[in-house]
Amino acid sequence: MAGLVGTEENADICASVTRLKDRLKAMIQASGPISVATYMDLCLHDRQQGYYATRPGLGEDFITAPEISQIFGELVGLWLAHEWQALGAPDQFSLVEVGPGRGTLMADALRATSNVPGFQDAVRLHFVEPSPVLRTNLQNRFADLTPKFLEQFDHVQTDHPILLVANEWLDCLPVQQYIRVGDAWHERVVGLNDAQELTFGLNADALPPDIQPDARLSALEVQPGLVPLVDGLEALFTQTTGRALLIDYGPRDHLPEDSLRSYLKSEQIDPLAAPGESDLTCDVDFARLAYLSGQRTLAVQGPVTQSQFLLALGAEARLNQLVKSNPDAADDLYQGIAKLTDPAEMGERFQVICLSSQDLPRPAAF
């Protein structure tokens, strides 16, 4: 089970919870318990009261790699420029970022590629971002490139070659949780207790038939959204050539277990405490993502660790350049890149996978 916060913390959180909790209670009272995936989807993506639509918490509830070090976005930018050249350096291509937040990654990437002949003239910039506040900020920040905005991934369509990047987006795809009781597996659901408060319970739904868990597991997670993701990429890459670079946290070689967690103002809280006001996240099953992609017509490279990826792209050399030109910032620069690449920090917990159309050369850093 996900960790619970103390009584005083729960009281403070309850005072600020939006009407989404009341809507969830009414839904459960009317129709019975809902899956964890449905709960997570409503909490994060509800158009009126969902977390990403109303209160993006970047820098307050969580922080991502581009905010830790400019080197992250710069190296992703150089990777994109290399892969644009691998596509034949087309005069126009769609550069799509899913979940751009404040645009830090893209700003660093574009700065790093400013001297690549023809690259930025060819960019047709797209952001998949549902938050109205963030969309306005991105529109202002990238006004020179006249970005196109999409509300969700499956709205991406283009006749141009495409390069897509998503950093810490997969972890917000809703997750189904399953718990072993004796020899049987049951899906975890969200219902109401005797006090009519949200609580976790179990129903009798069986595991998906293609999931074969290790006999030692007592809990596991499945992200249903991985299937439409790879189907969508396959459809895109049937229309045009392209690549998708996906970076997130999760295991490379086994099923995630009980990883659902919630954060509010950088503190981990009970996932049921503040629906719509706190970030919900889960580990990504990279092994399943690679398997599903390989069952389609997608070429799969990786996953590799974030440390391997960044170091292969020259993270240390870029760090040394920045330290030489900014010696007063040396400690901060070292700490930033250490956090991204150290195995004890984000270096091995985060994975990088590249999904491509067929018949392209192997991508850089894989």
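Using only the Cα atoms, what convex hull volume per residue in Å³ does the stretch 204-312 have?
169 Å³
Mean residue ellipticity at 222 nm from the helices of the chain, using -39,500 (n - 2.57) per DSSP H segment of n ≥ 4 over the full residue count, to the nearest 500 deg cm²/dmol?
Numbers: 14 runs with 133 residues, N = 366.
About -10500 deg cm²/dmol.
Tell me the net charge near Asn203. Cut-off is 9 Å between Cβ atoms, Asn203 excluded, with +1 for each Lys or Arg and -1 for each Asp or Glu. Don't skip to the answer; put the middle values down first.
Numbers: positive: Arg188; negative: Glu187, Asp205.
Cβ neighbours under 9 Å give a net charge of -1.
Report Rg (one decimal) and Dmax (nearest whole number) for the stretch 136-263, counting Cα atoms only, units Å.
Expressed in Å, the Cα Rg and Dmax of the stretch 136-263 come to 19.3, 60.
Using a 7 Å offset from the Cα along the Cα-to-Cβ direction at both Ile211 and Glu267, what is the distance between the two label points in nm, to one decimal?
Between Ile211 and Glu267, the simple spin-label model gives 3.2 nm.
Give me the distance between the Cα centres of the stretch 271-349 and the stretch 227-247, rounded to whole Å.
When both Cα centres are located, 21 Å separates them.
Leaving ligands, DNA and RNA out of it, report the carbon-plus-sulfur percent of the accessible area of the chain at a 1.4 Å probe. Spell out each step's value before the answer.
Working: 7730 of 16230 Å².
C and S atoms contribute 48 percent here.
Which of the lysines could a cross-linker bridge to Lys339, judged by Cα under 23 Å and excluding same-chain residues fewer than eight apart?
Within reach: Lys265, Lys324.
Can you sort Asp121, Asp359, Asp331 by solvent-accessible area, 1.4 Å probe, largest first? List each step's numbers first, then the result.
Numbers: Asp121 130, Asp359 150, Asp331 110 Å².
My answer, sorted largest first, is Asp359, Asp121, Asp331.
If I model a spin label at Ala329 and Asp22 as a point 7 Å from the Cα along the Cα→Cβ vector, what separation in nanometres do I get?
Once both label points are built, they end up 4.7 nm from each other.
If you take every DSSP beta bridge whose two residues both sit in the chain, what share of them, in percent to the nearest 5, is antiparallel?
Given both bridge residues lie in the chain, the antiparallel proportion sits at roughly 60 percent.
Hey, can you find the accessible area per residue of the stretch 76-203 for me, probe 1.4 Å, expressed in square angstrom?
On the way: 5430 Å² over 128 residues.
Roughly 42 Å² per residue, with all protein chains present.
Send over the Kirkwood Rh of the chain, from the inverse of the averaged 1/r over different Cα pairs, rounded to one decimal Å.
Hydrodynamic radius (Kirkwood, Cα pairs) of the chain is 21.6 Å.
Classify the stretch 254-326 from the C-alpha gyration tensor, please: rounded if a/c falls under 1.5, else prolate or oblate depending on whether a/b exceeds b/c.
oblate
Determine the per residue accessible area of the stretch 266-366 with all protein chains present and a 1.4 angstrom probe, expressed in square angstrom.
44 Å²
May I ask for the angle, rounded to the nearest 10°, between helix 330-341 and the longest principal axis of the chain, with both axes built from Cα atoms and the value confined to 0 to 90°?
60 degrees
The values are calculated or read from the model by the stated rules, or taken from the named source; none is laboratory data. The shown structure was predicted, so the numbers you read here are calculated from the model rather than taken from an experiment. All Cβ positions, even for glycine, are placed from backbone atoms using ideal geometry, and neighbour counts span all protein chains on display. Only protein heavy atoms, including side chains, enter the accessible area calculation; ligands, DNA and RNA are left aside. Shrake-Rupley method; radii C 1.70, N 1.55, O 1.52, S 1.80 Å.
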